[in-house]
Amino acid sequence: MIISKRNITQFIIYVLLIAGLTIVILPMIYLVSTSLKPNGALYEYPPRFFPKLKEITAENYIYILSQKKFLTNFLNSITVSVLTVAISAVVSSALAFCIARFKFPGRSALFAFIILTMIIPGTTMIVPQYELAVKLKTLNSIWGLIPFYVAWVIPYSTFMIKGFVENIPKELDEATYMDGGSVLTVYLNVAIPLAKPGVASVSIFNFLTAWEEFPWANTVINDDMKRTLPIAISGFFGQHQFTQWGYVFALSVLSLIPILVVFISCQRFFVQGLTAGSVKG
């Protein structure tokens with residue numbers, strides 16, 4: 001049997017892909033397996049990757065689900081993430097439509113400013129943001145998170161959606177105007193439906209940004225009942241002089257459920273959005 005160069009290349013590619021998949025999936029498997037161990041089993045030596053069948057327990061999940069504050073933290077994260085996605089989708093799609101379709105003084109400067117803001121890390125703006133939050137009286141409230149999250153994600157969202165809008169033939173706009181449609185009609189009935197993959201793909205990133213964000217939420221939220229999930233998870237570290245890893249991993253697994261739901265629901269838009277959104281613009 002003659003092994004061709006092409007077969008060798010494919011074999012190497014498959015080996016690398018399997019190795020990469022293993023590296024990615026092993027931490028997830030360890031996360032789930034550890035969440036099913038009793039807290040005492042986490043400090044055994046030598047450590048084991050998988051728990052024994054007789055050690056598998058749901059006590060960590062039972063404790064988490066029995067605590068009202070964690071349900072409240074979960075709902076806080078859902079509220080913040082969903083509102084961030086909704087507001088940023090409306091604002092960034094409208095802004096992208098205006099930049100892509102209309103010529104007005106300062107158009108290039110506005111788009112250049114949007115691009116520049118994308119390179120500024122959000123954590124470097126914590127001090128001025130905190131001062132702004134004090135003036136707006138939004139400290140210790142989830143409403144102190146949403147406006148800032150929206151401001152963070154709008155530049156990237158606008159940049160991506162603009163590429164989609166520019167790929168929409170202008171003849172469709174002209175046909176709508178000839179039928180008596182207004183600018184709002186073109187935006188709602190032409191631009192948004194055809195740019196839906198772009199809006200959906202950036203919405204996934206925006207959801208993850210709001211769902212996972214820690215530094216800013218930890219800065220402005222002090223009340224346990226108003227915190228989001230990342231802050232709730234961090235509360236177990238160092239509690240009672242040691243970290244309750246079973247609770248940490250159980251809450252971490254539960255926090256992955258909304259992310260999986262979002263990805264599964266929007267996966268058909270995800271690849272299309274990444275590959276086609278920024279071709280032009």
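Nothing in this text is a laboratory measurement; each read-out follows from the coordinates by a stated rule. Since we're looking at a predicted model, the values are computed, not measured. Counting neighbours? That spans all protein chains shown, and the Cβs are built from the backbone with ideal geometry, glycine included.
Sorted by packing (mean other beta-carbon atoms within 10 Å per residue), highest first, where do 73-82, 163-172, 123-132 land? The partial results should precede the final answer.
Working: 73-82: 19.7, 163-172: 16.6, 123-132: 13.1.
Descending packing order for the listed peptides: 73-82, 163-172, 123-132.
Report Rg(Cα)/(2.2 N^0.38 Å) for region 85-214, keeping two decimals.
Cα Rg divided by the expected 2.2 N^0.38 Å: 1.19.
Work out the charge dipole of region 1-66 with +1 on the Cβ of Lys and Arg and -1 on the Cβ of Asp and Glu about the Cα centre, then indicate which of I56, L31, A19 is farthest towards its positive end.
A19
Note down the relative contact order for region 1-66 as a percent, whole number, built from C-alpha pairs under 8 angstrom at least six residues apart. Numbers along the way, then the final one.
Numbers: 28 pairs, mean separation 18.9, N = 66.
It rounds to 29 percent for region 1-66.
Based on Cβ point charges of +1 for Lys and Arg and -1 for Asp and Glu, what charge dipole magnitude is obtained for the chain about its Cα centre, in debye rounded to the nearest 20?
Values: 20 positive and 13 negative charges, 70 e Å.
So the magnitude is around 340 debye.
How far is the Cα center of region 128-185 from the Cα center of region 63-82, in Å?
Result: 28 Å between the Cα centres.
Return one quarter of the surface area of the convex hull spanned by the alpha-carbon atoms of region 1-66, equal to its mean projected area, in nm².
Its average projected convex-hull area is 7.4 nm².
With only Lys, Arg, Asp and Glu charged, each at its Cβ (+1 for the first two, -1 for the last two), find how big the charge dipole of region 1-66 is about the Cα centre; round to the nearest 20 debye.
With Lys and Arg at +1 and Asp and Glu at -1, about 340 debye.
So who's got an amide H within less than 5 Å of the one on T243, skipping anything under 5 residues away but keeping other chains? H placed 1.01 Å off N, in plane.
G238
Put +1 on the Cβ of each Lys and Arg and -1 on the Cβ of each Asp and Glu in the chain; which of I264, S93, W152 then has its Cα farthest toward the positive end of the dipole?
I264
Note the angle between two axes, namely the Cα long axis of helix 68-101 and the longest principal axis of the Cα atoms of the chain, as a number of degrees from 0 to 90, rounded to the nearest 10.
20
Match the structure shown to one of the listed values (1) 1.01; (2) 1.26; (3) 1.11 of Cα Rg over 2.2 N^0.38 Å, computed from it, and give that label.
(2)
Once every DSSP H run of n ≥ 4 in the chain is given -39500 (n - 2.57) and the sum is divided by its residues, what mean residue ellipticity at 222 nm do you get, rounded to the nearest 500 deg cm²/dmol? Could you put the intermediate results ahead of the total?
Details: 12 runs with 190 residues, N = 281.
Dividing the helical sum by the residues of the chain leaves -22500 deg cm²/dmol.
Does anyone have the angle between helix 107-117 and the longest principal axis of the chain? Alpha-carbon axes, 0 to 90°, nearest 10?
Long axis of 107-117 versus the principal axis of the chain: about 10 degrees.
What's the FRET efficiency of F214 with Y14 using the Cβ-Cβ distance as r and R₀ = 30 Å, to the nearest 0.05?
Values: r = 37 Å, r/R0 = 1.24.
Approximately 0.20, to the nearest 0.05.
Please identify every one of the trypsin sites (Lys or Arg not before Pro) in region 90-157 that sits in a loop by DSSP and has no more than 10 other beta carbons within 10 Å of its own beta carbon. Can you show the working numbers first?
On the way: sites: R101, K103, R107, K135, K137; in loops: K103, K137.
Taking region 90-157 and a limit of 10 other Cβ atoms within 10 Å, the loop trypsin sites (Lys or Arg not before Pro) found are K103, K137.
Report D for region 152-249 in µm² per second (integer): Stokes-Einstein, Kirkwood Rh on Cα pairs, 20 °C, 1.002 mPa s.
Stokes-Einstein gives a translational diffusion coefficient of 126 µm²/s.
Rounding to the nearest 20 debye, state how big the charge dipole of region 104-212 is about its Cα centre with +1 on each Lys and Arg Cβ and -1 on each Asp and Glu Cβ.
My answer is approximately 340 debye.
Can you compute 3J(HN,Hα) from phi for each residue in region 128-144, using the Karplus curve 6.51 cos²θ - 1.76 cosθ + 1.60 with θ = phi - 60°, rounded to whole Hz and x for Gly and Pro?
So the Karplus estimates, Gly and Pro as x, are x, 5, 5, 4, 5, 5, 5, 5, 7, 6, 10, 5, 6, 8, 5, 6, x Hz.
At a 10 Å Cβ-Cβ cut-off, how would you order D179, D224, D173, fewest neighbours first?
Placing the least packed residue first, the sequence is D179, D224, D173.
So, in the chain, how many Lys pairs have Cα atoms under 18 Å apart, if the pair is 8 or more places apart or on different chains?
Lysine pair count for the chain: 14.
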